[in-house]
Each structure stands twice: as structure tokens, then as C-alpha cells.
Amino acid sequence: MLALLYSSKLRRLLLIGLFFFFLPRVSSAQNLFLQKIEICDTASFCVDCGSPKATCDPFTLDQISDRINRKYILKDASGSLTFQVLVEPSGFSCVLSYDDATNSPLTADLIRYLNGCIWKPAMVNGQAVSSSVNVVFKFAHGAISGRMARLDLRQMEPAGAPVIYNTATTYTNPSLKNYDFKVWTKYNSPLPDNISQTSAMDKLDVLWYATSKGLTRFDGKTFNPVNEYNSPFNAETAVQDIAVDKDNDKWVYLDNRIYKYRDGAGWQIFDFKKFLAPGVTHILNSRNGELLFTTKSGLVVVRKEKVVLLNKKNLPELPSGNIIYAFDDSQKRIWIGTTKGTIMIDKNARVTTFNTSETPLKNLCITGSAEDENGNIYFSLADEDNKTAGDNAKDGMAVLRPDGSWTLYNDKNSGMPANHITNMLYDKFEHVLWMGTDQSGLVRFDLKDGWENYHNNNSPAPGHKIYQLMQDSRGTIYATTANGLLRIAKKY
């Protein structure tokens with residue numbers, strides 16, 4: 001028994017020595033796995049496998065963080081470091097790889113401390129097995145803190161094939177060669193989760209990436225977590241919506257509360273409970289500085305901290321009090337989409353009800369919009385009364401021209417690959433319209449007759465389910481997807 005224990009400890013020391021001598025600094029998740037067998041001479045192992053999975057006492061990571069905090073001055077540190085740790089059946093550990101390319105003494109200390117931990121190994125059918133665990137150390141407010149980051153194996157599965165309902169169009173995608181695609185996931189970066197259904201780009205080109213497992217900021221190079229050290233909520237708080245107003249203030253909705261963040265001033269909590277009791281579905285920013293909160297019982301309008309509620313009582317023309325979307329255009333008209341139809345209020349407070357009109361908006365809800373510099377307005381449409389799992393023939397895109405004429409596009413009369421649009425973005429740099437879909441990927445429309453369709457089967461896009469599109473001041477487009485964060489940059 002003593003011989004076996006000595007052999008195990010000796011082998012572990014040799015492995016650690018070999019690790020420091022041979023390990024390259026890598027950041028790609030794919031490259032990390034290529035190094036495993038060469039770094040640690042051990043039996044095959046599973047990535048975050050077992051039931052129960054490999055683990056250590058959280059107090060152990062707290063102790064490691066405390067040792068680093070006492071040794072280093074971290075007042076200007078930000079971001080995070082991720083380590084992949086192999087946990088052997090014996091409970092001994094070996095750091096396989098990490099995402100710090102600077103070869104810093106702090107990283108070397110973290111590796112030494114992690115290699116010195118005793119872990120509880122993963123168990124499969126009652127037997128201890130080798131497995132891999134990710135440990136993330138985050139920097140905030142002059143201190144470091146560590147936690148295990150479990151892999152969601154379902155999110156590691158391939159995205160699957162997109163569904164293209166338009167069988168009459170051949171997508172040659174001539175513009176694809178003009179773009180650089182880059183993808184971040186929670187496995188190759190500090191993203192808290194691959195899926196973000198709501199995010200926002202602020203005036204300083206910082207992307208606020210919100211998920212059900214936390215909020216982070218991305219300046220194009222570094223991810224900085226929003227957590228208990230720099231906000232009123234913790235690192236894994238489920239953010240339900242986020243928006244940026246004309247003053248660059250960030251508005252966050254979660255737990256039926258509204259939080260505002262102003263650069264240099266910090267966070268402020270707003271109590272709108274009596275207005276937001278039904279729950280907020282979207283926070284929308286208007287051109288005149290108003291914030292629009294869509295709820296199931298009306299539209300809450302906030303301007304200079306004054307709150308007004310538009311509902312069926314004071315606006316009987318509303319087809320329904322359940323508001324899905326709202327938008328104000330360059331002519332100071334407010335468009336409101338509800339589950340029972342859409343209305344428009346002009347600058348003279350006159351109301352147009354489209355359920356009684358012969359336009360593409362009849363009995364349909366607008367769910368998104370974009371306006372170009374010529375005053376053309378593009379609306380995504382949804383038949384909220386008849387939500388189907390497939391492709392609803394009534395969904396699509398309506399375009400309102402400055403002369404008052406309408407055009408309807410769908411997958412039967414145009415190059416749209418599918419009718420259900422999740423998000424829209426007008427690219428003022430290239431003068432094209434981008435659309436996200438939930439089954440068919442990204443759509444690029446040149447506003448004439450040029451339709452292109454990018455997804456995981458014909459481009460570097462990570463998948464075909466697109467949630468939100470944003471653009472920074474340099475023209476770079478960010479798309480949040482079900483398979484990570486996608487950046488599309490124009491080649492020059």
C-alpha cells in the first residue's frame with residue numbers, strides 16, 4: 001500500500017515537472033484537448049463526466065484566492081483566467097491548460113496551488129474515474145475569486161442542420177468572402193453562457209452580454225464580469241433584459257426590478273413595481289430619450305424618471321394590453337405591437353389601428369423594426385394568435401416607404417429563407433439589412449433583390465439560431481446565438 005502511494009505521489013511530481021517544462025500557452029478550447037495525453041501520462045478521461053462529478057470543497061478555492069490576494073496587488077486587475085484541471089481517480093490533480101498567454105508569475109502560482117489540491121474524483125457506476133474540470137478565477141474590485149465552471153455537454157453538441165423553408169432560392173452568398181467571422185463560447189472564453197437572448201452595445205463600443213447565468217462586458221478584447229464586487233447582483237444572476245439609453249446609461253431588468261448603471265456613478269435601483277407587476281418582456285430605447293418597457297398589461301414609458309402607463313383604460317385603441325414591441329420612428333410616431341394587432345400614434349396623438357386597414361400589418365404584431373436613412377421602415381411580423389412550431393405563412397417582413405406604400409416580403413415571394421425573424425439591424429455602413437432567424441441563420445438583404453443566408457452549414461457561423469444583432473461605431477456586427485457570440489467584421 002505504501003509503495004503504491006509513493007508511486008502515485010512520485011508520478012504526480014514528475015507530471016507537474018513535465019507540465020512546467022513542456023506545456024504551451026494556448027487559448028483555443030480545441031487546442032487544449034490536443035495537449036492532454038502529452039502532458040499527463042494517465043488513463044483516458046471524460047470531460048466533466050461522472051455522477052457525481054469531480055469536485056473540491058469551495059473553501060479550497062477560497063483559500064487559493066486568499067493566498068493570491070495577500071501576495072499580489074490586484075487593484076487594477078480585471079477579466080478572468082480559466083484553467084482545465086485533470087482529476088485522477090486517486091484525487092490528485094494536474095492542470096492541463098489555461099488561457100493566459102503572458103506567462104505571469106500569478107498564473108504560475110495558481111497552477112502550483114491547483115496542482116496541490118486534493119479533489120473528490122468523479123464516479124461512474126460506483127468507480128472513481130479520471131475527468132476534467134474547468135476552474136475560473138475572476139478579478140474584480142482589487143481581488144480574485146475562484147469557482148468551478150461546469151460544462152453543459154448539451155451546449156457542446158453540434159448545432160445541427162438549419163431549416164431553410166425557401167426552396168426556390170439558391171444562396172450563392174457573394175458577400176461572405178468580405179467578412180471575418182470570430183466565435184466565442186463559454187468553453188474558449190470567460191463567457192458565462194453560450195446563449196444570450198438579450199444584450200446591448202453601449203456608446204463606448206462595450207458589449208453587455210446578458211445570460212440566464214450572469215452578465216459580462218466585452219470591449220472587443222477582454223471579458224469583464226459583472227458580479228457582487230461591482231454590482232447589486234452576483235456573478236450568476238439571470239438577467240432578463242438590458243438596454244442602453246441615449247446618455248449611455250445601462251438599464252437592466254431582473255427579479256421584477258429595474259437597475260440603472262451610469263459610468264462613474266455606479267448602480268441605482270428603480271422601484272416600478274406597481275407598473276411592472278405583470279413582468280417586463282423588453283426594455284426599448286426611443287429616439288427622444290424615453291425608455292419603453294413592454295409588459296402584459298400595458299406599455300410603461302419612462303422619461304426623466306417620470307413614469308406613464310399606456311393601457312386599455314387610457315388608450316382604448318390598443319388591440320390588447322399585452323404589449324410585445326414598441327418603436328418610435330424619425331417622424332416621431334410610436335408603433336405598438338400587441339398580441340392582437342398593431343397601432344401607430346402620430347406626433348399629434350392621432351391613432352391608426354391596422355386591424356381595420358388593408359396593409360401587411362392587419363391582425364399581426366410587429367416584433368422588431370429598423371429604419372434606414374431614407375425613411376424606409378422595416379418591420380418583422382408575427383401572428384401571435386397562431387404560433388406554430390414551423391414556418392407561419394403570415395409572418396414575414398413589411399416595409400413602409402416614405403410615400404405611404406407597403407411591401408410584404410416572405411419566403412414565398414422573396415429570398416427570405418424563413419418567415420420568422422428574431423431580430424433586425426440596419427447596417428448604415430454598408431446600407432444593407434441584417435435579419436436573424438431561429439432556424440435558418442443570418443439573412444443579408446441589399447434592399448433590392450440580393451438575398452444572402454449564412455449559417456453553420458455554409459459559413460463559419462456557429463449555428464442557425466440567432467437571438468440578437470448589434471453594431472458598434474466601427475461597423476462591426478455582433479450576433480448572439482444559441483451556440484456562442486459571433487462577431488462579423490468587414491475585411492479592409
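The values are calculated or read from the model by the stated rules, or taken from the named source; none is laboratory data. Note that the structure is predicted; figures quoted are calculated from it, not measured. Cβ sites come from the backbone with ideal geometry, for glycine too, and all protein chains shown count toward neighbours. Surface areas here come from the heavy atoms of the whole protein model, side chains and all, with no ligands, DNA or RNA. Shrake-Rupley method; radii C 1.70, N 1.55, O 1.52, S 1.80 Å.
Could you provide, to the nearest whole Å², the per residue accessible area of the chain with probe 1.4 Å? Present the calculation step by step, with values, prior to reporting the outcome.
On the way: 22920 Å² over 492 residues.
Per residue, the chain has an accessible area of 47 Å².
How far is helix 58-71 tilted, in degrees, relative to the longest principal axis of the Cα atoms in the chain, given as a value from 0 to 90 rounded to the nearest 10?
80 degrees
Based on the Cα coordinates of region 238-374, what is the per residue volume of their convex hull in Å³? Working shown, then result.
Values: hull volume 16.7 nm³, N = 137.
Taking only Cα atoms, region 238-374 has a hull volume of 122 Å³ per residue.
Pairing the Cα long axis of helix 105-115 with the longest principal axis of the chain, what angle in degrees results, from 0 to 90 and rounded to the nearest 10?
Rounded to the nearest ten degrees, it is 70.
For the chain, find the longest principal axis of its Cα atoms and tell me its angle to the long axis of helix 2-22, 0 to 90°, nearest 10.
60 degrees
Relative contact order of the chain, please, whole-number percent, based on alpha carbon pairs below 8 angstrom and at least 6 residues apart. Display every interim value, and only then the final one.
Values: 1127 pairs, mean separation 54.7, N = 492.
Answer for the chain is 11 percent.
Using R₀ = 22 Å, calculate the FRET efficiency as 1/(1 + (r/R₀)^6) where r is the Cβ-Cβ separation of Val163 and Lys394; round to 0.05. Display every interim value, and only then the final one.
Details: r = 18 Å, r/R0 = 0.82.
Using R0 = 22 Å, I get an efficiency of 0.75.
What net charge do the residues around Asn419 carry, taking every other residue with its C-beta under 11 Å from that of Asn419, with Lys and Arg at +1 and Asp and Glu at -1? Could you put the intermediate results ahead of the total?
Details: positive: Lys394, Lys412; negative: Asp383, Asp391, Asp395, Asp411, Asp438.
Within the 11 Å Cβ shell, the charges total -3.
Treating only the Cα positions of region 338-431 as identical point scatterers, give the base-10 log of I(q)/I(0) from the Debye formula at each q in 0.11, 0.14, 0.15 Å⁻¹.
Reported log10 I(q)/I(0), two decimals: -0.32, -0.52, -0.60.
Give, in nm to one decimal, the length gained when the segment between Arg262 and Asp66 is fully stretched (0.36 nm per residue of separation minus the Cα-Cα distance). Don't skip to the answer; put the middle values down first.
On the way: separation 196, 0.36 × 196 = 70.56 nm, distance 3.07 nm.
In short, 67.5 nm is gained.
Averaging sequence separations of C-alpha pairs under 8 Å and six or more residues apart, then dividing by the length of region 407-457, give the relative contact order as a whole percent.
Details: 83 pairs, mean separation 13.7, N = 51.
Reported as a whole number, the value is 27 percent.
From the alpha carbon gyration tensor of region 164-296, can you work out the equivalent ellipsoid semi-axes (sqrt of 5 times each eigenvalue) and give them in Å, largest to smallest?
Numbers: eigenvalues 172, 81, 49 Å².
In descending order, the three semi-axes are 29, 20, 16 Å.
If you take Rg and Dmax of the Cα atoms in Å from the coordinates, which of [x] 24.0, 92; [y] 25.7, 89; [z] 24.0, 77 do you get?
[y]
How many percent of the accessible area of the chain is carbon or sulfur, using a 1.4 Å probe? Show your work: numbers first, answer last.
Working: 11820 of 22920 Å².
In the chain, the share of accessible area belonging to carbon and sulfur is 52 percent.
How much accessible area does Tyr253 have with a 1.4 Å probe, in Å² rounded to the nearest 10?
10 Å²
At a probe radius of 1.4 Å, what is the per-residue accessible area of Ile164, in Å² to the nearest 10?
Roughly 50 Å² of Ile164 is accessible to a 1.4 Å probe.
Using the structure shown, list the pairs from Lys75/Lys250; Lys186/Lys213; Lys428/Lys448; Lys213/Lys296 with a Cα-Cα distance above 18 Å, or answer none.
Lys75/Lys250; Lys213/Lys296
Can you compute the helix-only [θ] at 222 nm over the chain? Use -39500 (n - 2.57) per DSSP H run of at least 4 residues, normalise by all residues, nearest 500 deg cm²/dmol.
Values: 7 runs with 64 residues, N = 492.
Computed mean residue ellipticity for the chain: -3500 deg cm²/dmol.
Taking region 90-132, how much of its Cα-Cα pair set, in percent, is spaced more than 15 angstrom apart?
Considering region 90-132, 50 percent of its Cα-Cα pairs are separated by more than 15 Å.
Provide Glu88, Glu236 ordered by accessible surface of protein heavy atoms (probe 1.4 Å), highest first. List each step's numbers first, then the result.
On the way: Glu88 10, Glu236 110 Å².
Ranking Glu88, Glu236 by accessible area, largest first, yields Glu236, Glu88.
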